[in-house]
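K.L.:
Have a look at this one.
The values are calculated or read from the model by the stated rules, or taken from the named source; none is laboratory data. The model shown is predicted, which means the values in this text are computed figures rather than measured ones. When we count neighbours, we look across all protein chains shown, and the Cβ atoms used for this are built from the backbone with ideal geometry, even at glycine. For the accessible areas, the whole protein counts, side chains as well, though only heavy atoms, and no ligand, DNA or RNA atoms are used. Shrake-Rupley method; radii C 1.70, N 1.55, O 1.52, S 1.80 Å.
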Amino acid sequence: MSENIIEVNGLEYSYGNFKAVDGVSFFVREGEIFSFLGPNGAGKSTVINILTTLLPLQKGTVRIAGYDLSKEPEQVRRSIGIVFQDETLDRDLTVWETLELHGRIYSMPKSERRERIDEIIKLVELQEKRDVRTRNLSGGMKRRLEIGRGLMTRPKVLFLDEPTIGLDTQTRRRLWDYIKMVNDSGTAIFLTTHYMDEADLVSNWIDIVDHGKIIASGAPIALKDALGRDVIYLQTDNDEAATGILKGLKAVQNIKATSQGLVVTINADGTRCLPVIMNRLHERGIDIKSVNLKKPTLDDVFVHYTGRDIRNAGAEKLPRIQPKGGR
Ligand SMILES: Nc1ncnc2c1ncn2[C@@H]1O[C@H](COP(=O)(O)OP(=O)(O)OP(=O)(O)O)[C@@H](O)[C@H]1O
Ligand SMILES: [Mg+2]
């Protein structure tokens, strides 16, 4: 049986009067890839910052690598590696100097430091950039260097806060290769992301967070399976009446009114159910504006539990941008 590398119970955190983390409990097993998935402002970075000792522990208990965060923060710090959401490289240092400085901060003996730097530079494939200042690296290279830096001290767990944000698809995929390699060598990964597809592909376990609370938890497959066999997104001219009609159908597992229209999860083959559903609605004079049948994804899981789409979920307060004329 594997041990828990992270155990969090009843974690709460407030910025002034605002409760950003509202009673979060979870654990991460040794060697697994665990994802915290949620929209902007869900509280993901706040949790990471508490776990990595950057923010104080206000309420709750945290154990990392067997150490109690409130009593042994220094041991916790020595057991973990961190890659922050925002870039934290010194622009004037070279790749090699960045790693050297980090090794010194952690009092790694010189010979071990030098050996580890060589290993890391090879691992993240920055051999050719060894003496280049970080200001002159590409976005993906900077991220790789930050991951390498996080791994200098051979941590038991690596925290990655939005590791792939802002990178192009190809660079993101490559970065995942590194992260998987790191994980294969035994390091547990705690990551936050709002890229559903990535979380789905790489995680052993996902906790979905929204407004400071965990709203769903499970292996990616289990989370999707719980939704049903197929999902139908439906927009009609009368969602209320449509809901009433569809509720009576045996194959319909659940119906939710969301910002995307009705989300109908069904426990049968969607291609067979869809014509029946469309017929029923037509018979009752309900006009269907759009319909979309698909296999459940983590996006659907998020919509199911929150009634919102994750891509729009954090942006409710942002003003709508009107496109300029001409199109
Ligand atoms: N220093 C701060 N002072 C006040 N409020 C803060 C501070 N940092 C974060 N918050 C608020 O706490 C909430 C959670 O923020 P947090 O950065 O943890 O979210 P997140 O899930 O990491 O979001 P993102 O996906 O955008 O990185 C947000 O409402 C945010 O505005
Ligand atoms: Mg964040």
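K.L.:
For residue 236, what residues show an amide H to amide H distance below 5 Å, using hydrogens built from the backbone and excluding near sequence neighbours?
P.N.:
262, 289
K.L.:
Magnitude of the Cβ-charge dipole of segment 228-295, K/R +1 and D/E -1, about the Cα centre, nearest 20 debye?
P.N.:
280
K.L.:
Gain in length, residue 78 to residue 239, computed as 0.36 nm per residue apart minus the alpha-carbon separation, to one decimal in nm?
P.N.:
52.5 nm
K.L.:
Continuing with this model, one more query. Rounded to the nearest 0.05, what FRET efficiency do residue 90 and residue 40 give with R0 = 22 Å and r taken as the Cβ-Cβ distance? Could you check?
P.N.:
After rounding, the FRET efficiency stands at 0.20.
K.L.:
Quick one: what are the phi-derived ³J(HN,Hα) couplings along segment 5-17, Karplus 6.51/-1.76/1.60 with θ = phi - 60°, whole Hz, x for glycine and proline?
P.N.:
8, 10, 9, 10, 10, x, 6, 9, 8, 10, 9, x, 8
K.L.:
What are the residues whose amide H is under 5 Å from the amide H of residue 230, where those residues sit 5 or more places off or on another chain and H is modelled from the backbone?
P.N.:
266, 268
K.L.:
What FRET efficiency do you get for residue 254 and residue 287 if R0 is 22 Å and r is their Cβ-Cβ distance, rounded to the nearest 0.05?
P.N.:
0.45
K.L.:
Take the solvent-accessible surface of the protein heavy atoms, probe 1.4 Å, and return the percent of it on the chain that carbon and sulfur atoms account for.
P.N.:
48
K.L.:
Quote the charge dipole size of segment 4-223 about the Cα centre in Debye, to the nearest 20; the model charges only the Cβ of Lys and Arg (+1) and of Asp and Glu (-1).
P.N.:
Using Cβ point charges on Lys, Arg, Asp and Glu, segment 4-223 gives about 460 debye.
K.L.:
Going 7 Å from the Cα of residue 272 toward and past its Cβ, which residues in segment 227-264 have a backbone nitrogen under 18 Å from where you end up?
P.N.:
Hits in segment 227-264 for residue 272 at 18 Å: 228-232, 249-254.
K.L.:
Further question on the same structure: Identify all lysines with a Cα-Cα distance to residue 294 below 17 Å; exclude those on the same chain that are fewer than 8 residues away in sequence.
P.N.:
Residue 294 reaches 224, 256.
K.L.:
Roughly speaking, what is the centre-to-centre gap between segment 171-198 and segment 248-283 when only Cα atoms are used, to the nearest Å?
P.N.:
36
K.L.:
Output ³J(HN,Hα) for segment 243-255: one whole-Hz value per residue in order, computed from phi by the Karplus curve 6.51 cos²θ - 1.76 cosθ + 1.60 with θ = phi - 60°, and x for Gly and Pro.
P.N.:
Those phi angles translate into 4, x, 5, 5, 4, x, 8, 5, 6, 7, 8, 7, 10 Hz.
K.L.:
Which whole-Hz couplings ³J(HN,Hα) result when phi for each residue of segment 225-237 is put into the Karplus expression 6.51 cos²θ - 1.76 cosθ + 1.60, θ = phi - 60°, listed in order with x for Gly and Pro?
P.N.:
4, 4, 7, x, 7, 9, 10, 10, 9, 9, 10, 10, 8
K.L.:
Follow-up question, since we're still on this one. Once R0 is set to 41 Å, what does the formula 1/(1 + (r/R0)^6) return for the Cβ-Cβ distance between residue 211 and residue 111, expressed as a FRET efficiency to the nearest 0.05?
P.N.:
For R0 = 41 Å, the calculated efficiency reads 0.25.
K.L.:
Return the long-range amide H neighbours of residue 33 (sequence gap of 5 or more, or a different chain), with a cut-off of under 5 Å between placed amide H atoms.
P.N.:
Residues meeting the criterion, in which the H sits 1.01 Å from N, are 189, 204, 205.
K.L.:
Report the extension gain between residue 135 and residue 222 in nm, rounded to one decimal, defined as 0.36 nm multiplied by the number of residues separating them, less their alpha carbon distance.
P.N.:
Net length gain for the segment: 27.0 nm.
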